Amino acid sequence: MSGPNTDYDPVEVTPLKSEEVESARDAALAAIADAADLETLKQVRIDHTGDRSPLALANREIGALPPQARKEAGQRIGKARGAVNQALAARTSVLEAEHEERMLVEETVDVTLPTDRTPPGARHPITTGSELIADIFVAMGWEVAEGPVIEAEWLNFDALNLGPDHPARTMQDTFWTDPQDNGIVLRTHTSPVQARTMLTRTPPIYVVCPGRVFRTDEYDATHSPVFHQVEGLAIDEGISMAHLKGTLDHFATSMFGEGITTRFRPSYFPFTEPSAEVDLVCFVCRGATVVDGTDGPVTCRTCRGEGWIEWGGCGVVNPRVLRACGVDSERYSGFAFGMGIDRTLMFRHGLEDLRDLFEGDVRFTTAFGTEI
Amino acid sequence: MKAPVSWIREYVDLPAEVTTEALAARLTALGLKLEAIESPRDTITGPLVVGRVLTRDPEPQKNGKTINWCTVDVGDANGTGEPQGIVCGAHNFDVDDLVVCVLPGGVLPGNFAISARKTYGHVSSGMICSAAELGLSGEADGIIVLPADAGRPGDDAFAVLGLDDEVIEFEINPDRAYALSLRGVAREAALAFADDGATFTDPARRATPAANADGYPVVLDDPEGCALFVARVVSGFDPSATTPGFIARRITQAGMRPISLAVDVTNYVMLEIGRPIHAYDADKLTGPIRVRRAAAGERLTTLDGTDRALDTGDLVVTDDSGIIGLGGVMGGEPTEISATTTRVLVESAHWDATSMFRTGKRHKISSEAGKRNERGVDPVVCEAAADRVVELLTTYGGGVAEPGVTVVGSVPTAAAITAPLDLPARISGMPISAEATIGALEAVGCTVTRAGDDLTAIPPTWRPDLNDPYDLVEEVARIVGYDQVPSVLPTPGAGRGLTRGQRLRRRIGRTLAGAGCVEVISFPFVGTAALDQLGLPPDDPRRRAVRLANPLSTEEPFYTTTLLPGLLRTTARNLGRGAPGVALFETGSVAFPGDRGQAPIYGVDRRPSDDELAQLMDAVPDQPLHLAVVLAGERERAGWWGAGRDAAWSDALGVVRRLAAELGVEIDVRSAALAPWHPGRCAQVTVAETGALLGHAGELHPKACQAFGVPPRSAAVEIDLDVLLAAAREVVPGPEFSTFPQAKEDVALLVDADVTVAQLEDALRDGAGELLESIRLFDVYTGEQVGAGRKSLAFALRFRAPDRTLTEQETGAARDAAVAAAVERCGAAQR
């Protein structure tokens, strides 16, 4: 409140005089306009709109006016206060925007700082590659079958028409468990999983069997005594080599891209008849045998200029195998195929040395991430 | 099988314009897979000429060697017609011999450029070549001495040596043993170019003299092992006669080494017709030849000089002196052809393939003859092959064929195969007419008759591999062409997708990778040394492993029982290569012997019974799927954000807890002592619901770290994934939770140092009752303020009711009850 209202005049109260009000308003507006930051503006707000500000004090005096004068004075004060508040709000928003802008500039960080506090993990390409293959077949309605890696000799050999005199059944090719006559081997292919499937299920059977296999090979850039295979088996009524070709073409295209199909060459496997080697259109030169070099076309390194890559073996399941595994070979026929997962990945990803897959160097594995 | 193209063409009239590549490609499409094409012109450039040695002066050198200073007539090949002076280090030649000279400007295999150069005091203008230098054979027994009729000095030696002739090397599958001969390859070539009118001339088709009683006496005691024995004798043979150039050349091209006329001729005929032939010095034979199985204890020194103990399964050839040969595999030394042999007995016999395979395997003999005999040779060509040998021996060795012709035994005729006429079309998926089916089978040599919807095929004598109807399918399919097989996707019914176990295993891998672990794959072999390094006690079950009969390394004879040794070695390898820290994981099966006896070997003519199968599968060792993790060195990096952190025991448990949470499995953790873990920092983890042992996690024992070369305090996990997967929650029940406000109470409790967090937490939880929403340890304090042997554990208790806002009184009462339980059960005092 202003000082004692000594010269009380119900009509002419000084603070409510039009010029007084306007001057207080203008002073407030000037102060608001002059406030350079939010801190100053805060003080301006207290000084000019607070309880002890001229306009607030003037407002209190309205009650002292005769009723007929109150309206006009009220309007005058209200208008002035409205103008001040409006200016305050406008100035606040301007200053806040300026403040935020400044803060954002000040808080700038170097986004190129490293953020590798925890090193990344990864899954092995053989694992993710096997899953990719499994998914291709599962999408066609197949299932994924698995079995033990230490396996009965009968399931690994005899049931698959590899008789007692088959060359694979020697210490030169197969890991035998001790004693050698106990009929247990480290499986040399994932085919015993096929045998187990036929022995325990009834057709139709469509299974793909990825897994680890063992052969007493030297360990070098292209051979390993421990490697991975995927085999497929389809047993149904009316199955033919055409279905085998269709399946492998689809597999090849899914794995390597449109246009990458397969060809068959006659071959021999005890468990299939007819048997075929399956070649893949070289996905690097796409069968052209040459690729662009710096000085014109050069022989494709991936297929060594053949246009085709040897991929695996396949054929129609030998009825002898069906018989040993309890499948009615008069009613059903089937096809089977098998290829190396490691090898498939080697040429899909251009790997030079098979041993990289088994050395466990994290730099190798991490490059593949968690899916391939 | 290496087949010179000129030799193939001798038996099949291929169009002249057919290139070697085209021939190889078509044969590959028929099943004779191209391995390589050898073309000497690729690696040798001329001038390579025939020379006649005019002078040969041996000159001993200071280094102990003797060189020959030669002059060689190379005709006009050197441009002057003057004799060429050449230094030669070999000694297996004489004046007047025809040799092969490469003159300055020529290049030999290995990019070996020839120039005139000064050596041993002479200017040597070229080189007299050995077979090895020309890349014709691996070894050099001196220089090549050409047959006297090979050519004239100055002639281009490429033609003389057959270097113009390309050689196709095929990979022959076991079912196509007939293609281990030029006869077989040419037969296939005729099939390959049948549309171009190519026809095959059978080199084995020849008139042979009839058997008579005057032949060398032969008795077959084991007609199953040796069904047919043909013997012919050439007398008056000149042992010094040299092998004619074309035979030496072709044998060399086929990858064999010329030795002597008699031996070379037998090899030549084997390559030509496919029938292995053995030649004896007839004068060294005493009494009749008899073929039988060896008796126990018998021995034979074969012509490779090896003294062999024979097996009763071995077929042996004997005469009155005893055993003179391992039938069909290798002859014996005493009756071998030698430099004095003038009378040659030619044996052309049909041997049982299985016996041949077993004998070869038993005695570790791998020979060109054995390779053919063990895969099955055309039994009908015995007489023709013997006659061809006799022809060549008499033509080039100057002898005469004795009139006696021995043919003992007979070969069984091939069994007919009956099959539905449409089987080849149905199984191959190709639209092949009945006529085309029969035509294809006839083309490969079958005699086919048709009866209604069936066909009956009698396979040709050279195809012992054709036995089943499906064998005929392959023949028809390859003649029609595998490239004609259409591509048709089969339409299986709805599949069941991945099994739950398969899906969860993928999830485990992703979870671990997400936690910063890198997957590795190790060889699952282990030795006692690694188990010792782990510090396993002598009676640890992980020391009872499946042993391999033929391990890769005798140091690692077991299939592993734990994934840790492989992971630890890989860890050390990575750290050794500069990684500041690694977190590795591996999933894989380990094995424990079941000791449930031998796995039986059943027959294959029927499915084993369910009982038999159960017995078979039961004999297979137990192979649980394990997961192991090793964390070593830096786990969190130091950086601008602050200090780094090394892996610790808690990281190992963190991994286990994260996996358990991922699969919805509640686990119990309690301390345990198990190698290779630190006895005070090892947790045994069990499935809460069943108590099943999941595995262990914690810090590795300092000795184990040291033994594997990984940093101290490295941590590890090994759990049985089969147990974890079995415990995984099938269907997660929908959770209930309250949206009323949470009430927070923190309590700090003083306890003896040996009270575990789990004990205290259990007590607090039980005491707090149903209003407790969660409890979490947030601080551990030890030190002066709490006194020796004591610790302070601070817990955050969070309370919430499902139906109302809790009052301070309710929350306080629950907290007090929790503390009271801790006081009572754990001797705790509130701070």
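The values are calculated or read from the model by the stated rules, or taken from the named source; none is laboratory data. Just so it is clear, the structure is predicted and the values come from calculations on it, not from any experiment. Don't worry about glycine lacking a Cβ; one is built from the backbone with ideal geometry, like all the others, and counts go over all protein chains shown. With ligands, DNA and RNA removed, areas are computed over all heavy atoms of the protein, side chains included. Shrake-Rupley method; radii C 1.70, N 1.55, O 1.52, S 1.80 Å.
Quick notes on this structure:
- Computed E for B:T456/B:D195 - FRET, C-beta separation, R0 22 angstrom, nearest 0.05: 0.20
- Spin-label zone in segment A:318-335 - amide nitrogen under 15 Å from a point set 7 Å from the Cα of B:D610 along the C-beta vector: none
- Scanning chain A for trypsin sites (Lys or Arg not before Pro) that sit in a DSSP loop and have at most 12 other Cβ atoms within 10 Å, the longest stretch containing none of them is A:53-300.
- Note on B:E808 and A:K79: with the Förster distance fixed at 51 Å, the Cβ-Cβ geometry gives a FRET efficiency of about 0.50.
- Considering only A:G232, A:G147, A:G82, the mean-square fluctuation computed in a Gaussian network model of chain A, springs between alpha carbons under 10 angstrom, is largest for A:G82.
- With coordinates expressed along the principal axes, the C-alpha atoms belonging to the protein assembly as shown extend over 166, 78, 78 Å, beginning with the largest.
- From phi via Karplus (6.51, -1.76, 1.60), per-residue ³J(HN,Hα) for segment B:341-350 in Hz, x at Gly/Pro: 5, 10, 10, 10, 9, 9, 9, 10, 10, 9
- Taking only the Cα atoms of segment A:125-366, the ratio Rg/Rh comes out at 0.98, with Rh defined as the Kirkwood radius.
- A straight Cα-to-Cα reach below 12 Å connects A:K17 with the aspartates and glutamates A:D9, A:E61, A:E72, residues fewer than 8 places away in its own chain not being considered.
- Positive-end residue, segment B:42-160 charge dipole about Cα centroid, Cβ charges, pick of B:G142, B:H122, B:V87: B:H122
- Between helix A:67-106 and chain A: long-axis angle, C-alpha atoms, 0 to 90°, nearest 10: 40
- Cβ-isolated cysteines (cut-off 4.7 Å), chain A: A:C209, A:C314, A:C325
- For chain B, relative contact order (Cα pairs under 8 Å, six or more residues apart, normalised by length) works out to 8 percent.
- The distance between label points at A:D47 and B:E555 comes to 8.8 nm (points 7 Å beyond Cα on the Cα→Cβ vector).
- Calculated FRET value between A:E100 and B:D779, using beta carbons and R₀ = 35 Å, to 0.05: 0.40
- In this assembly, the B-A interface accounts for approximately 8400 Å² of buried accessible surface in total, computed with a 1.4 Å probe and without ligands, DNA or RNA.
- Most fluctuating residue given options A:G315, A:G74, A:G238, as computed from a GNM of chain A linking Cα atoms under 10 Å: A:G74
- The modelled label-to-label distance for the pair A:I372/B:D320, using points 7 Å beyond Cα in the direction of Cβ, is 7.2 nm.
- Between segment B:401-468 and segment B:551-588, the alpha-carbon center distance in angstrom: 56
- Ranking A:F335, B:F523 by solvent-accessible area of protein heavy atoms (1.4 Å probe, all protein chains present), from largest to smallest, gives B:F523, A:F335.
- When shorter helices are ignored and each DSSP H run of at least 4 residues is given -39500 (n - 2.57), the per-residue value for chain B at 222 nm works out to -8000 deg cm²/dmol.
- Cα-derived Rg over Rh, computed across chain B with Rh taken as Kirkwood radius: 1.16
- Cα centroid separation - segment A:26-87 against segment B:494-549, whole Å: 81
- Amide H contacts for B:G429 (H built 1.01 Å from N in the peptide plane; partners 5 or more residues away or on another chain; cut-off under 5 Å): A:M241, A:A242.
- Under the Karplus curve 6.51 cos²θ - 1.76 cosθ + 1.60, θ = phi - 60°, whole-Hz ³J(HN,Hα) for segment B:320-325, x wherever Gly or Pro sits: 5, 7, x, 6, 10, x
- Here the 3J(HN,Hα) profile of segment B:816-831, calculated from phi with Karplus coefficients 6.51, -1.76 and 1.60 at θ = phi - 60°, is 4, 5, 5, 4, 4, 5, 5, 5, 5, 8, 10, x, 7, 10, 6, 7 Hz, Gly and Pro shown as x.
- Residues whose placed amide H lies under 5 Å from that of B:D622, excluding near-sequence neighbours: B:F592, B:G594
- Accessible area in square angstrom per residue, chain B, 1.4 angstrom probe: 44
- Tilt relative to chain B, helix B:500-514 - C-alpha long axis, 0 to 90 degrees, to 10: 80
- Residues with amide H under 5 Å from that of A:D178, placed H, sequence gap 5 or more: B:R547, B:L548, B:A549
- Using a simple spin-label model with pseudo-atoms 7 Å out from Cα toward Cβ, B:S338 and A:D116 lie 7.6 nm apart.
- Expected 222 nm ellipticity per residue - DSSP helices of 4 or more, -39500 (n - 2.57), all of chain A, to 500: -12000 deg cm²/dmol
- Mean silhouette area of segment B:166-253, derived from the convex hull of its C-alpha atoms and averaged over all directions, reads 10.0 nm².
- Taking all protein chains as they are arranged and a probe of 1.4 Å, the heavy atoms of A:M198 leave approximately 10 Å² accessible to solvent.
- Long pairs among B:K62/B:K118; B:K2/B:K361; B:K65/B:K118; A:K42/B:K744; B:K744/B:K791, criterion Cα-Cα beyond 26 Å: A:K42/B:K744
- For chain B, the longest principal axis of the Cα atoms and the long axis of helix B:649-662 meet at an angle of about 90 degrees.
- Shown for segment B:21-46: residues covered by the partner protein chains by 50 Å² or more of accessible area relative to the chain by itself (probe radius 1.4 Å), namely B:K33.
- Coordinate range along principal axes, alpha carbons of segment A:304-372, Å, largest first: 53, 31, 20
- Debye-sum result for segment B:467-622 in log10 I(q)/I(0), which assumes one identical scatterer on each alpha carbon, at q = 0.10, 0.15, 0.21 Å⁻¹: -0.71, -1.03, -1.30
- Largest accessible area first, the listed residues A:T294, A:T127 line up as A:T294, A:T127 when surface is computed with a 1.4 Å probe on the assembled protein chains.
- Candidate residues B:E612, A:E22: accessible-area rank, largest first, probe 1.4 Å: A:E22, B:E612
- Comparing A:G129, A:G305, A:G293 in a Gaussian network model of chain A, where Cα atoms under 10 Å apart are tied by springs, the biggest mean-square fluctuation is seen for A:G293.
- Alpha carbon centroid spacing (whole Å) that separates segment B:121-188 from segment B:627-647: 65
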